[in-house]
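What follows is one structure encoded as structure tokens, with my remarks underneath.
The values are calculated or read from the model by the stated rules, or taken from the named source; none is laboratory data. None of these values were measured; they are calculated from a predicted model. In this analysis, Cβ positions are derived from the backbone assuming ideal geometry, glycine residues included, and neighbour counts consider all displayed protein chains.
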Amino acid sequence: MRRWSRQALDLLWRGFGFWSALTLLMCLWMFVGHHFPLLSGVLAVSALLACMLIAARLDRGGRIVLADVLELLRGHARVLLTLSALITMAGALVWVLLLAKPGVAWWNILYTDRNSVDVLSADWFVALRQVFVYSAFALGLCYFGLNIPGLTSFFQFLCMTLLGLPYRDAWRLAAAGQIRNLGAMLGVALLFMILPATCALLLPPLVPLLYCFLGALGYVAFREIFLGVGENQPRATAAALRPTPLSSRA
């Protein structure tokens, strides 16, 4: 976990400017649209999956600009948005069927005024917490959304986009990779639970960077488990990523 975290931070630093700006924009959109939980859910999952793709592009080395990132996301937009919508809808159904409290209308998953913020606090720290608490909460739920039994696996998106596997094959391979590396993946799950809550309470402006860090963490874990690559490629000399035999850890 320490090595994966170090590598994730290195990738974050390589593309810090535009990467953090993109996730900040996504978090602000989540605040603006917090009356619509389904919309915020799709934005949160999309932001995390996009960060995984950006981390993969940054690992290839060389110079990267915003246009490269936008082209990368455009090329995988269909898979990214479809999977994000599927995860969000499945999570909404779980909430309606299993988690909804008595007396709470089921349509709160579509539109809700509960805990809404119409006027920011005069205290700047409280105001920052009001803005970023929605994206922090959504990020904390993303790990569970990416691990819906029989439907999704944490590495499934990367197996589909970077390995070119179809949906069910990607799910099976991703699930197998998680099971064979269960200890490390429980550590990743713990970070998804602890870091968003900590940042929302103590350092709200860091929430957008958490999307970058946890997305990069997911990528470096995928790279080692499925490709057998245990270190970031050197920034100046890395060649384009070529198809690599699956690691025995997968």
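Points to keep in mind about this one:
- Conditions (1) modelled with pLDDT under 95; (2) not in a loop (DSSP other than H, G, I, E, B): number failed by Ala250: (2)
- Applying a threshold of 8 Å to beta carbon distances and a minimum spacing of six or more residues, or different chains, the list of pairs starting in segment 110-121 at a residue that is among the small types (Gly, Ala, Ser) and in a loop (DSSP other than H, G, I, E, B) and ending at one that is surrounded by 10 or more Cβ atoms within 10 Å (Cβ to Cβ) and modelled with pLDDT of 75 or more reads Ser116/His34; Ser116/His35; Ser121/Ala127; Ser121/Gln130.
- A single member of Gly140, Gly103 is out of contact with any Asp or Glu (no Cβ under 8 Å at 6 or more places or on another chain) and at positive phi, and it is Gly103.
- Residue match in segment 52-64 (condition: in contact (Cβ under 8 Å) with a residue 40 or more places away in the chain, surrounded by fewer than 18 Cβ atoms within 10 Å (Cβ to Cβ) and within 23 Å of Glu224 (Cα to Cα)): yes
Rundown of residues vs (1) among the aliphatic types (A, V, I, L, M); (2) in a helix (DSSP H, G or I); (3) within 17 Å of the chain's Cα centre (by Cα), yes/no style:
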| site | (1), (2), (3) |
| --- | --- |
| Ser46 | no, yes, yes |
| Ala50 | yes, yes, yes |
| Ile54 | yes, yes, yes |
| Arg63 | no, no, no |
| Asp68 | no, yes, no |
| Leu80 | yes, yes, yes |
| Leu83 | yes, yes, yes |
| Leu86 | yes, yes, yes |
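- Residues (over 16 Å from Ser84 (Cβ atoms), surrounded by 15 or more Cβ atoms within 10 Å (Cβ to Cβ) and in contact with a Pro (Cβ under 8 Å, 6 or more places away or on another chain)) located in segment 116-139: Leu128, Arg129, Val131, Phe132, Val133, Ala136, Phe137
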